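No lab work stands behind these numbers, since they all come straight from the coordinates. Here the structure is a predicted model, which is why all the values come from computation and not from measurement. No Cβ is skipped: glycine too gets one built from the backbone with ideal geometry, and neighbour counts run over all protein chains shown.
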Amino acid sequence: MPYCIDTSSLIAAWEERYPIDHFPNFWKLFEGAIKDGKLSAPAPVLDETKRKSKELYEWLEDRDGLFVDLDEALQLEVKQILVKHPRLVMEKKQRYAADPFVIALAKLNGLLVVTDEKPTGSLNRPNIPDVCDDFGLTWIGLLNLIKQEKWIIG
């Protein structure tokens, strides 16, 4: 099953759970998933990583095939998502601009969303899982990606 990964899962993996110096096999498997066309993300995810982790950003920059450019269809889908869920991106609540692009890419291409955001249970202040649920999209956390792909890290 192909996946669309969110910034939250990338940051969680790089900074908290699977630092590259201690879990190099995780990142080799991650690269393999990119090369196999199983893993993608919209370009704004790369922009978000730059603000959160310079090292991760530099590593991701060199991963050809991971990031999808914003074509017209993707931008139109983002607009539709934001019409229905305008509070998905809010400056005051430090919501980031990549979230609707992640959902739109998954929706357009039938991808499973990988996010480490937790649902709020409220569409008045939604996270990615809340909006995915509203659109009938499947979302999983990073650990479930590892399990589904049967990655052996250690």
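With the checklist (1) more than 15 Å from residue 39 (Cβ to Cβ); (2) surrounded by 21 or more Cβ atoms within 10 Å (Cβ to Cβ) in hand, flag the one item residue 153 doesn't pass.
It fails just one condition, (2).
Among the residues in the range 10-19, are any farther than 25 Å from residue 129 by Cα and acidic (Asp, Glu)?
no
Taking the options 56, 10, 39, name whichever one is among the aliphatic types (A, V, I, L, M), in contact with a helix residue (DSSP H, G or I) (Cβ under 8 Å, 6 or more places away or on another chain) and more than 27 Å from residue 73 (Cα to Cα).
Values: 10 fails: more than 27 Å from residue 73 (Cα to Cα); 39 fails: more than 27 Å from residue 73 (Cα to Cα).
The conditions single out 56.
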